[in-house]
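Down below is the structure, laid out as structure tokens.
Values quoted throughout were computed directly from the atomic coordinates according to the rules given, and no laboratory measurement underlies them. Just so it is clear, the model here is predicted, and its values are computed rather than measured. All Cβ positions, even for glycine, are placed from backbone atoms using ideal geometry, and neighbour counts span all protein chains on display.
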Amino acid sequence: TGASAILPPVEGLGTLENIFTLKSIDDGIDLKKAMMKEENKDILIIGAGYISVEVIEAAKQLGKNVRVIQRGKRIIAASFDCEITDIMEKEIRSQGVELHLEEVVKKVEGNKKVERVVTNKGVYSADIVVIATGVRPTTEFLEGTGIAMEKKAIIIDEEGKTSIDSIYSAGDCAMVYHKVREKNVYIPLATTANKIGRVVGENLAGGKNKFNGTLGSACIKVMELEAGRTGITEKEAKLDGLNYKTIIVNEKNQTDYYPGQEDILIKLIYDAETNVILGGQIIGKKGAVLRVDVLAMAVATKMKTSELGMMDFCYAPPFARTWDALNITGNAAK
């Protein structure tokens, strides 16, 4: 049953045209049609998660005026720590986007279609409003069935089985086991949904496949930057009461004598006693996201920072340096 878009408590939603959520293909088609109309110049986005950032870039490429209203202090705060989101926010603002943090939308106004958005701090013109304040499991119809849920998400085991024998679940309607946090979490990601869907499909056909857990690996393009994360963030380490350390390294993606060298920033979270890598985040113009995949393998195999520091990575001037940025980060983490 998947997930559905969360609608914030904003007066006027559902009464005016040109107000969109973005969850399905049809949602995307409808939004694109509205965006392509020349008269729709001012785009206002409510929320600042993954979907919001993707809409920002699409709207700017169409030459629109873009404003984002975010209740929280940071963008994509559930997935990235402040050292990463600070860079994202600077990049977004550098592209002419008005980013309003710690501001709450109260009301949308207009005559048949939206014209204005009222917040606790001001009134802004808007030809299109995009609501991107997250998603929730679509499980209301299961209430009273006896299927165990947590925060309205279905609890499943490693085989995808629910609390009722012979009933399985997979995707954005279900919880998933997190390998680092060692508990069920709600992470509505396509990668995880696909993997558990395969496990459930095989098991319904008589197989005995198991899902070994998520790492919450995810990535995003932020205008000219790319960023990714895996494992746990520092915020999650604090919430789970872990004894951890962090290291932040500013490095380069490749050699300086070959065209294309760019800055990358790496943040590593690791166990303070064992130096086992618990998570990482990387941001930069080039070579950031694929290095996160390397960190995902490091987290999954409980690699220590010293092992990352001496890992034998590929080297050629267009791609890396003899000591890769990940080598340097691992050796700096003591």
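One table, with the values for the structure above:
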| item | result |
| --- | --- |
| Expected 222 nm ellipticity per residue - DSSP helices of 4 or more, -39500 (n - 2.57), all of the chain, to 500 | -7500 deg cm²/dmol |
| The range 139-204, Cα convex hull volume normalised per residue, Å³ | 84 Å³ |
| The range 218-332 - Debye-derived log10 I(q)/I(0), Cα point model, q = 0.11, 0.12, 0.21, 0.24 Å⁻¹ | -0.33, -0.39, -1.12, -1.39 |
| Neighbourhood net charge (15 Å Cβ-Cβ; Lys/Arg +1, Asp/Glu -1) for LEU16 | -2 |
| Cross-link pairs LYS210/LYS302; LYS210/LYS334; LYS32/LYS112 - those with Cα-Cα distance over 24 Å | LYS210/LYS334 |
| Descending semi-axes in whole angstrom, ellipsoid equivalent of the range 4-59, from the Cα gyration tensor | 17, 15, 12 |
| Span from the the range 55-84 Cα centroid across to the the range 200-237 one, whole angstrom | 22 Å |
| Semi-axis lengths, Å, the range 35-139, gyration tensor of Cα atoms, sqrt of 5 times eigenvalues | 22, 17, 14 |
| Overall Cα dimensions of the chain, principal axis frame, Å, largest first | 64, 59, 35 |
| Net +/- balance of residues flanking ASP172 in space, Cβ distance below 12 Å, scoring K and R +1, D and E -1 | +3 |
